[in-house]
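Reviewing the structure listed below.
Since every read-out is calculated from the coordinates, none of them should be taken as a lab result. Computed from a predicted structure; not experimentally measured. Reconstructed Cβ throughout: ideal geometry from the backbone, glycine too, with neighbour counts over all protein chains shown.
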Number of protein chains: 2
Amino acid sequence: MHVEKESGSTLSLGRNLTVGLLDHLGKAIVVGYYDNKVFPTEAVLAEQYNVSRSVTREAVKMLTAKGLLIARPRQGTVIQPTLQWNLLDKDVLRWLLERKFSLRLLRQFTELRVSVEPKAAELAAQNASYEDLQRMKLAFERMVRADGGDGDPTLADIDFHISILFASGNPFYYQFQELIRTALKTSIQFTTRINQATPNLEAHENIMKAIFDRDPKRAYAAMHLIVNDVLLVIHAQEEADKREL
Amino acid sequence: MHVEKESGSTLSLGRNLTVGLLDHLGKAIVVGYYDNKVFPTEAVLAEQYNVSRSVTREAVKMLTAKGLLIARPRQGTVIQPTLQWNLLDKDVLRWLLERKFSLRLLRQFTELRVSVEPKAAELAAQNASYEDLQRMKLAFERMVRADGGDGDPTLADIDFHISILFASGNPFYYQFQELIRTALKTSIQFTTRINQATPNLEAHENIMKAIFDRDPKRAYAAMHLIVNDVLLVIHAQEEADKREL
DNA sequence: TTTATCTTATTTATAATACAATATGAAGGA
DNA sequence: TCCTTCATATTGTATTATAAATAAGATAAA
């Protein structure tokens, strides 16, 4: 990451300076640009990016709110240890992916998916409202059409999985929306080379049927089958990569 | 020039005005104070809380970063739908609890724990380093001492559960630290009336043994047993409450 | 020497003010 | 009716000044 200094070559931060700076700094922190540097003071940041101190402070406050920074008088602004970062935050997640593709990161996403999604399906079988079920059905039909060449299969797949989070009736499950979105989008980057590119329609239909039948255990098992399969593929690839060394 | 203000009308925001305002507004939003009101403009907020616009804007930006607000020129600042809130954020979680005690909320916490903790234990059995194991052991010994009257049993219990998240080797699992902390602290508020106040030592020891034995399936099962038990107790109480109406 | 206290300098925290950009809705004209 | 224009409210950005906090160094006391 390269930071221009002269006022003439203004670093493009988009139309909203605060949000632009937030994004730029967030990415720089997450990809490790500051790893063996001290994080700049407000004054220096403002000068480097050619923005006012107000903008700088607001961006820093937002990064503080996401757990990436901490600021104290005289001590300056410093980067928090990774454990403090709000990894499930939409922005932080995006910045994580701006690093080079990492099978390890994809595996970690998927391990969490194996934790979360089967139980979400189980809860959905217990709690889904009529509207929830309709949304699921629509998403599935979209998957079928996409499978026939009409539309993007990944986007339809994402919608289907998210509709189940929503149907769980527990708002905490909905928090994994971004993680799942990110995981599925990242998956195709490598899964196409190894596995089938399109999602397994029959397996997905089994989940939906179980939820429609109000059968929690079957819904859990059907979802577990799908996500755990992805995990196994990733494990196999990790082993293969290891042997290649 | 610092203007002294009448002490009577000043709302106490603590030593740090921005953080104080963040906390006050966050709580107000989460408890529903603004539910049928329009959220005030920056100017009004600044006047109401007797702080500068800088402070107001910084607090609003932090709430924006946590998904609670969105601001646009001329349109004002508005509260985001609950689904957008970063519910796993430490602050948001705390604000959620500042509402009256809710068995429903505790159940939702616990449903997520059932999703997350068993798999974390499974991964810990696979990945825990020597240091991770030592930390777990120390936490367990602290639980034993607390059981004998020396120390706080809940705090020791919390440490034990968190040491397992940490030992999973997957940083995403560590994100649930605050949720588990909150859930366990909240649990005793009602669990003491119904169940045993102190955690089940033997069941916890089983988890630790399985992880030391590097037995993922046993670790998963042992953890599932504990957390699912909590969930069942909550379910029973919810049913009892329903009948009481 | 060691400890405690005071001083200084650096950085964030807060305030106040001015103007720019943006989006809403009303007014006016074709 | 529809389009354009303009007034207006609200956030966005810049600038400057001062306060508060604290780390580190200097000084004094034991």
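If I model chain A as equal point scatterers sitting on the Cα atoms and use the Debye formula, what is log10 I(q)/I(0) at q = 0.09 Å⁻¹?
These q points yield log10 I(q)/I(0) values of -0.51.
What do you get for trypsin sites (Lys or Arg not before Pro) in segment B:10-46 restricted to DSSP loop and a cutoff of at most 10 other Cβ within 10 Å of the site's Cβ? All intermediate terms of the calculation are to be shown ahead of the outcome.
Numbers: sites: B:Arg15, B:Lys27, B:Lys37; in loops: B:Arg15, B:Lys37.
Taking segment B:10-46 and a limit of 10 other Cβ atoms within 10 Å, the loop trypsin sites (Lys or Arg not before Pro) found are B:Arg15, B:Lys37.
What are the nm distances, shortest first, from B:Arg74 to its equivalents in the other copies, labels at 7 Å along Cα→Cβ?
Nearest first, the other copies' label points are 4.8 nm away.
Taking the Cα centre of chain B as origin, work out the dipole magnitude from +1 charges on Lys and Arg Cβ and -1 charges on Asp and Glu Cβ, in debye rounded to 20. Write out the running numbers ahead of the final one.
Values: 31 positive and 31 negative charges, 156 e Å.
So the dipole magnitude of chain B works out to roughly 740 debye.
For the residue pair B:Gln84 and B:Ser52, what label-to-label distance in nm results when each label sits 7 Å from Cα along the Cα-to-beta-carbon direction?
2.9 nm
Near B:Asp215, within a Cβ-to-Cβ distance under 15 Å, what is the net charge of the other residues, with Lys and Arg +1 and Asp and Glu -1?
Net charge around B:Asp215: +2.
For A:Ala43 and A:Gln189, compute 0.36 nm times the residue count separating them, minus their Cα-Cα distance, and round to one decimal in nm.
Contour length minus the Cα-Cα distance gives 48.5 nm.
Exactly which trypsin sites (Lys or Arg not before Pro) in segment B:127-233 are in a DSSP loop and have at most 15 other Cβ atoms within 10 Å?
The qualifying sites are B:Arg214.
Determine the equivalent ellipsoid of segment B:1-99 by diagonalising the alpha-carbon gyration tensor, then write out the semi-axes as square roots of 5 times the eigenvalues, largest first, rounded to whole Å.
Working through the eigenvalues yields semi-axes of 23, 16, 12 Å.
How long are the semi-axes of the ellipsoid equivalent to segment A:102-244, from square roots of 5 times the Cα gyration tensor eigenvalues, in whole Å, largest first?
With the √(5λ) rule applied to segment A:102-244, the semi-axes are 25, 17, 13 Å.
In straight Cα distance, which lysines are under 17 Å from B:Lys27, not counting same-chain residues fewer than 8 positions off?
Those lysines meeting the cut-off are B:Lys37, B:Lys61, B:Lys66, B:Lys90, B:Lys100.
Going 7 Å from Cα along the Cα-Cβ axis for the label, what nanometre distances separate A:Leu201 from the same residue across the other copies?
Distances to the matching label points in the other copies: 5.9 nm.
Run the quick spin-label model on B:Arg214 and A:Ala221: label points 7 Å from Cα toward the beta carbon, then report their separation in nm to one decimal.
3.2 nm
Estimate the FRET efficiency between A:Arg104 and B:Ser102 by the formula 1/(1 + (r/R0)^6), using the beta-carbon distance for r and 30 Å for R0, to the nearest 0.05.
0.20
Given B:Phe190, B:Ile234, A:Ile234, which one lies farthest toward the positive end of the charge dipole of the protein assembly as shown, if we put +1 on the Cβ of every Lys and Arg and -1 on the Cβ of every Asp and Glu?
So the residue furthest toward the plus end is B:Phe190.
For n ≥ 4 DSSP H runs only, could you compute -39500 (n - 2.57) per run for chain B, divide by its residues and tell me the 222 nm figure to the nearest 500?
Counting only the DSSP helices, I get -22000 deg cm²/dmol.
By what distance, in whole Å, do the Cα atoms of the protein assembly as shown stretch along each of the three principal axes, largest value first?
67, 61, 50
Treating segment A:21-164 as a set of equal point scatterers at the Cα positions, no solvent, please give the Debye-formula log₁₀ I(q)/I(0) at q = 0.15 Å⁻¹.
Debye output, listed in q order: -0.87.
Can you sort A:Val92, B:Val44 from fewest to most other Cβ atoms within 10 Å of each residue's own Cβ?
Ranking A:Val92, B:Val44 by Cβ neighbours within 10 Å, fewest first, gives B:Val44, A:Val92.
With charges set only on the Cβ (+1 for Lys and Arg, -1 for Asp and Glu), what does the dipole of segment B:195-235 come to about its Cα centre, in debye to the nearest 20? Intermediate values should be presented prior to the final figure.
Numbers: 4 positive and 5 negative charges, 30 e Å.
That gives segment B:195-235 a dipole magnitude of about 140 debye.
May I ask you to list the trypsin sites (Lys or Arg not before Pro) in segment A:51-85 that are in a DSSP loop and have at most 11 other Cβ atoms within 10 Å of their Cβ?
Qualifying residues, ordered by number: A:Arg74.
Setting aside same-chain residues fewer than 8 positions from B:Lys209, which lysines have a Cα under 18 Å from its Cα?
B:Lys119, B:Lys137, B:Lys217
Rounded, prolate or oblate: which one fits segment B:133-189, using the alpha carbon gyration tensor with axes a ≥ b ≥ c (rounded when a/c is under 1.5, else prolate when a/b beats b/c, else oblate)? Can you show the working numbers first?
Numbers: a/c = 4.36, a/b = 1.30, b/c = 3.36.
Note, shape of segment B:133-189 comes out oblate.
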